[in-house]
Amino acid sequence: MWAELAVTTAKVVVVALAMVTTVPIMVWVERRGAAFIQDRLGPNRVGPLGLFQPVIDVVKLIFKEDVTPAAANKGLYYLAPLISLGVAMVTFIVIPFGAGHDVSLFGVPLRGLIVAPDLNVGVLYLLAIGSLSVYGIVLAGWSSNNKYSLLGGLRSSAQLISYELAMTLAVLGVLMATGSLHLSDVVARQSGAVWHWNAVTQVIGFAVFLVAAFAETNRLPFDLAEAETELVAGYHVEYSSMKFACFFMAEYLNMATASALTVTLFFGGGTLPGVTLTGWLGLFVSTAVFVAKMCFFLWLFVWVRWSLPRFRYDQLMQLGWKGLLPLATLNLVWVGIAMTMGWLR
Amino acid sequence: MAIPTTHFVILASLLFAIGAGGVLLRRSGISILLGIELMLNAANLTLAAYSRQHGQLDGQVFVFFVMAVAAAEVAVGLALLVAIYRRIQSIDVDRLSIMRW
Amino acid sequence: MELVVFYVAAAVAVVSALVAVSHRSPVVNVLSLVVTFFCVAVNYALLGASFLAAAQILVYAGAIMVLFLFVVMLLNAPSEQPTPEPRPVQRVAGLALAAITGAGALFLLLAVRVTPGVAPIDGNAVALGRLLVGPYLFAFELISVLLLAALVGALVLVKRKH
């Protein structure tokens, strides 16, 4: 009982700390990456290569004046950033970050570097909690009592609902091929060789999922909820200081979760093709592999943001409903046919 | 120890009564729809509770169906509200007297 | 332990349901109903219906209530004003009717004698899926038609005439 509790606590601490640590690192990567793409230098004064810039940023945010609009709906105005951050903080407990089914800690089997191995609804939990993130944005937009905020909030709720459909359908293809809701089973099925990865067997599904993930995390080219040039900053115009930082952190946490999910669903998670990983060494190696794959997608988020222009709103909706949704359905049909014919193992 | 089925049934009845009260007493169209949702949820809870009582999954399948029907109901209901709002600039059901002469 | 979770969830559910049907502001109504639905999801989890718990959050909290919130904001629905003329008869009759409905539901539900003892079942996705595409296949297909009809109906209803 106590040993199990200790193991779970250890896993929560390790995973949560790792996820939170990605935020400052990603802020640095984003700023330096943007500078690199735009042929500038970027922040380079604080620490080597400007690495301590995020620390300074946090200090600045904490000491900024915290303004609350007089006409705002106070309760909801305070609640909204907490919802955003809270949702972003609890989604990743079903993601298997590394192997380690044969090691034990305090005499209790570890069952992989995954916080909740027993949650038998796995992916469904992730989708369900992920669908709640829209509340933070909508409430922020509405409670600020500002027309730009409201427009941003409305846009983003429509966007999130539309792209959630395509994303869920793309995930459904993977689940169909796996026959289980456990993400560890999804990873196990993709082990062995590169052509077992779902990104190879379900190329269309992967493309749909990736595009939808960009839209779900409100990142360019789909950041119409913010759209500085037309909506000032959308739903968080009226937020300052740490309340703004909550939204900021939630965005980067969501990016990390989306990357981790992409790696898990389509790129074989922590498995290395052709290598069997066992014991503690396997745990560390597979976690390293997972993180390496994840880093690629995190970089992709930055890369795309500074390379592509923003969509227009009607284009966004057209892409979601007329482009991605039929493609995701097509992917489901393909998986069904391939499974019946025995092309997928 | 497992929670007795009666507990769930009592909770569901309470929620159902609250939902019915909402439907009967409120005048805002949105609140009425919310009350209906609450009543459907209460019914779902009893279905799931008796599903466990009988050791059969059929009740849970019905909950699934009710959820789908509720989603359809909300889509049409809210569309009606939007249409009504466009016509009389209000969602107060007391003012909805177009069908009366 | 489970009983404590149940009592907390039940109390929160009832209180937030009361707020949901009685508060004047539509946004507060919608949000407190979201809390109620969460508590119902907890109840599903306690009943061993983990798939339903996830579906409850995904469908109700994630989709249906967002739709409500969207419409509330789209219409910018004002808080409900107190009626100019008090209507005590309607109020009392409504409350009484709600109480009778609740009591009647409770009475009927408790009057059904079932064998005591709780059979353990596992409401996992696989078992539910087998039932859905097995004995209930026809109903399942009908539901899909119903959803399609609702989708088209909603679109036609809100379409502006040019």
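The values are calculated or read from the model by the stated rules, or taken from the named source; none is laboratory data. Everything numeric here is computed off the predicted structure, so don't read it as measured data. Quick reminder, even Gly has a Cβ in these numbers, built from the backbone with ideal geometry, and neighbours come from all protein chains shown. In case anyone asks, the SASA skips ligands and DNA or RNA and just uses the protein heavy atoms, side chains included. Shrake-Rupley method; radii C 1.70, N 1.55, O 1.52, S 1.80 Å.
The Rg/Rh ratio of the stretch A:147-236, with Rg taken over Cα atoms and Rh as the Kirkwood radius over Cα pairs, comes to 1.15.
Computed over the stretch B:5-93, the alpha-carbon pair-distance distribution with 5 angstrom bins reads 3, 15, 19, 19, 17, 11, 8, 5, 3, 1, 0, each value a whole percent. Cross-link partners of A:Lys11 among lysines, defined as those whose alpha carbon lies under 27 angstrom from its own and excluding same-chain residues fewer than eight positions apart: A:Lys293. According to the calculation over all Cα-Cα pairs in the stretch A:65-192, the P(r) per 5 Å bin from zero is 2, 10, 15, 16, 14, 12, 10, 8, 7, 5, 2, 0 %.
Listed peptides C:13-23, C:141-151, C:60-70 appear in the order C:60-70, C:13-23, C:141-151 once ranked by packing, highest mean of other Cβ atoms within 10 Å at the front.
Evaluated at q = 0.16, 0.17, 0.27, 0.29 Å⁻¹, the base-10 log of the normalised Debye intensity for the stretch A:233-292, with identical point scatterers placed on the Cα atoms, takes the values -0.63, -0.66, -1.05, -1.12.
Put +1 on the Cβ of every Lys and Arg and -1 on every Asp and Glu Cβ in the stretch A:159-280; which of A:Leu175, A:Ser162, A:Pro221 then has its Cα farthest towards the positive end of the dipole? Result: A:Leu175, furthest along the dipole toward the positive end.
Convex hull volume of the Cα atoms of the stretch A:21-67, normalised per residue: 91 Å³.
Can you give the average number of partner chain beta-carbon atoms within 10 Å of each beta-carbon in peptide C:4-14, as a whole number? Numbers along the way, then the final one.
Details: counts 0, 1, 5, 3, 0, 1, 8, 1, 0, 9, 5.
Partner Cβ neighbours, averaged per residue: 3.
Taking the longest Cα principal axis of chain B as reference, the axis of helix B:58-88 is set at about 10 degrees. Ligands, DNA and RNA are left out, and with a 1.4 angstrom probe the accessible area of the protein assembly as shown is 46 Å² per residue. For the stretch A:78-151, a Kirkwood hydrodynamic radius built from all Cα pairs, placed in the Stokes-Einstein relation at 4 °C and 1.567 mPa s, yields a translational diffusion coefficient of 89 µm²/s.
Note on the protein assembly as shown: semi-axes of the ellipsoid equivalent to its C-alpha gyration tensor, largest first and rounded to whole Å, are 40, 32, 24.
Take each residue of peptide C:90-98, count the partner chain Cβ atoms within 10 Å of its Cβ, and average: the result is 4.
Stokes-Einstein diffusion coefficient for the stretch A:6-96 at 10 °C in a medium of 1.306 mPa s, Rh from the Kirkwood formula over Cα pairs: what value in µm²/s? The calculation lands on 98 µm²/s. Within 10 Å of the Cβ of each residue in C:101-108, the mean number of Cβ atoms contributed by other protein chains is 6.
As a length-normalised measure over Cα pairs under 8 Å and 6 or more apart, the relative contact order of the stretch B:5-93 settles at 30 percent. For the stretch A:28-134, the list of trypsin sites (Lys or Arg not before Pro) that fall in a loop by DSSP and count at most 16 other C-beta atoms within 10 angstrom reads A:Arg40, A:Arg45, A:Lys64. For the stretch A:188-282, pairs of C-alpha atoms spaced more than 16 angstrom apart make up 65 percent of the total.
Taking max minus min of the alpha-carbon positions on each principal axis, the stretch C:1-75 gives extents of 43, 24, 11 Å, largest first.
Roughly what angle does helix A:2-37 make with the longest principal axis of chain A, taking Cα atoms, 0 to 90 degrees, to the nearest 10? The two axes meet at around 60 degrees.
With the largest listed first and rounded to whole Å, the semi-axes of the equivalent ellipsoid of chain C from the Cα gyration tensor are 32, 27, 18. Chains B and C together bury roughly 6700 Å² of accessible area, counting both sides, with a 1.4 Å probe on protein heavy atoms only. I need the phi-derived Karplus couplings for the stretch B:21-36: 6.51 cos²θ - 1.76 cosθ + 1.60, θ = phi - 60°, integer Hz, Gly and Pro marked x. Per-residue couplings from phi come out as x, x, 5, 7, 9, 7, 10, 7, x, 5, 5, 5, 4, 4, x, 5 Hz.
Above 27 Å, the calculated P(r) of chain A contains 49 percent of its Cα-Cα pairs. Each 5 Å bin from zero up to the one holding the largest Cα-Cα distance in the stretch A:57-106 carries the following percent of pairs: 4, 13, 11, 15, 16, 10, 8, 8, 7, 5, 2, 1. Measuring against 21 Å, Cα to Cα, the residue pairs A:Lys322/C:Lys159; A:Lys147/A:Lys322; A:Lys147/C:Lys159 contain A:Lys147/A:Lys322; A:Lys147/C:Lys159 as the ones spanning a longer distance. Relative to the longest principal axis of the Cα atoms of chain A, the long axis of helix A:325-341 lies at roughly 0 degrees. Helices in chain A, meaning DSSP H runs of at least 4 residues, each add -39500 (n - 2.57). Divided by all residues, the mean residue ellipticity at 222 nm is -21000 deg cm²/dmol.
Look at the alpha carbon pairs under 8 Å that are at least 6 residues apart: their mean separation over the length of chain A gives a relative contact order of 24 percent.
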